[in-house]
1. So which residues in region 98-148 are closer than 30 Å to residue 166 by Cα, touching a helix residue (DSSP H, G or I) at 6+ places or on another chain (Cβ under 7 Å) and assigned to a helix (DSSP H, G or I), if there are any at all?
2. Taking the conditions exactly as written (in the same structural domain as residue 51 (by TED's automatic domain parsing) and either surrounded by fewer than 17 Cβ atoms within 10 Å (Cβ to Cβ) or within 10 Å of residue 78 (Cβ to Cβ) (or both)), does residue 119 satisfy them or not?
3. Out of the residues in region 126-168 that are over 22 Å from the mean Cα position of the chain (by Cα) and closer than 19 Å to residue 84 by Cα, which is surrounded by the most Cβ atoms within 10 Å (Cβ to Cβ)?
4. Do you know which residues across region 152-171 are in a loop (DSSP other than H, G, I, E, B) and at pLDDT 95 or above?
5. Can you find a residue that is crowded, with 22+ Cβ neighbours inside 10 Å and either without any contact (Cβ under 8 Å) to a residue 24 or more places away in the chain or not in a loop (DSSP other than H, G, I, E, B) (or both) anywhere in region 178-194?
6. Is one or more of the residues making up region 227-248 in contact (Cβ under 8 Å) with a residue 40 or more places away in the chain and loosely packed, with under 15 Cβ neighbours inside 10 Å?
7. Take the residues in region 262-276 that are in contact (Cβ under 8 Å) with a residue 60 or more places away in the chain and touching a strand residue (DSSP E or B) at 6+ places or on another chain (Cβ under 6 Å), then tell me which one is farthest from residue 250 (Cα to Cα).
8. For residues in region 195-211 being in a loop (DSSP other than H, G, I, E, B) and under 22 Å from residue 280 (Cβ atoms), which is modelled with the lowest pLDDT?
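The values are calculated or read from the model by the stated rules, or taken from the named source; none is laboratory data. Everything numeric in this text was worked out from a predicted model, so none of it was measured. Backbone-built Cβ (ideal geometry, glycine too); neighbour counts: all protein chains shown.
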């Protein structure tokens with residue numbers, strides 16, 4: 001996944017780190033678009049129209065991704081591999097110039113969730129669209145490790161993969177696993193702290209990854225609706241949710257939607273904190289569900 005992981009586990013047995021790494025390796029083997037022999041890469045090379053069997057985890061992630069894509073009106077889309085490659089965010093590597101309008105139109109023509117069909121544990125491409133789970137796989141990896149630990153009768157832990165967190169149970173001192181919402185660099189906003197007791201947190205921020213060209217910074221988050229890097233002023237979105245996979249996906253979707261997406265967050269009952277750049281300053285948006293959590 002191009003990142004690291006950490007874990008704090010109460011009464012951790014010897015060798016648990018090896019077990020966690022093995023579970024995350026299985027996620028990579030299923031869902032990495034960087035590994036040419038992964039299940040996802042093989043799916044992206046499959047013949048359009050031919051149904052492909054899916055591993056249970058792959059099927060769950062694809063179903064969740066398509067559901068968030070539908071609910072968000074396409075602000076999140078798992079079938080954007082061609083556009084990610086075009087902008088230099090995929091396995092082919094970075095590019096020295098910006099893609100032209102014609103290239104973007106061509107990549108959009110073979111991208112998008114409507115070109116993927118799923119029937120339980122099988123799926124197919126109806127066009128040469130390429131899946132890219134980079135906006136959801138890390139969260140799924142966190143959930144996979146969490147479920148593995150629970151199955152081993154280890155109920156108290158904090159798991160982190162690439163900055164996405166999930167906390168279960170309590171610490172030895174009886175306190176919950178406290179997590180500070182990642183602050184936007186340069187902002188003077190009051191810090192927020194949440195108790196991860198059966199909760200996950202995922203953050204999407206424009207300061208995490210970007211590239212510069214012609215004196216301008218371009219975010220690594222693409223707007224699926226335009227095929228271009230995001231330019232809506234959203235600095236960060238943090239989501240609290242029992243599922244780290246869904247927190248991960250919704251953080252990306254709401255980053256793309258911007259402040260107008262807060263109405264959707266309210267309808268979906270999502271606990272959301274959004275920071276938007278306004279001139280030299282920042283504004284904050286809190287969903288009702290998050291306000292209730294923070295009390």
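1. Answer for region 98-148, where residues must be closer than 30 Å to residue 166 by Cα, touching a helix residue (DSSP H, G or I) at 6+ places or on another chain (Cβ under 7 Å) and assigned to a helix (DSSP H, G or I): 113, 137, 138, 139, 140, 141, 142, 143, 144, 145, 148.
2. Numbers: in the same structural domain as residue 51 (by TED's automatic domain parsing): yes; either surrounded by fewer than 17 Cβ atoms within 10 Å (Cβ to Cβ) or within 10 Å of residue 78 (Cβ to Cβ) (or both): yes.
Yes.
3. That would be 128.
4. The first filter runs over region 152-171 and keeps only residues in a loop (DSSP other than H, G, I, E, B), leaving 152-156, 162-163, 169-171.
The answer is 152, 153, 154, 155, 156, 169, 170, 171.
5. Yes - at least one qualifying residue is present in region 178-194.
6. Yes, because at least one residue in region 227-248 is in contact (Cβ under 8 Å) with a residue 40 or more places away in the chain and loosely packed, with under 15 Cβ neighbours inside 10 Å.
7. Step one: filter region 262-276 for residues in contact (Cβ under 8 Å) with a residue 60 or more places away in the chain, giving 264, 268, 273, 275.
Narrowing further to those that are touching a strand residue (DSSP E or B) at 6+ places or on another chain (Cβ under 6 Å): 273, 275.
Details: 273: 12, 275: 15 Å.
Once the filter is applied, the top-ranked residue is 275.
8. 208
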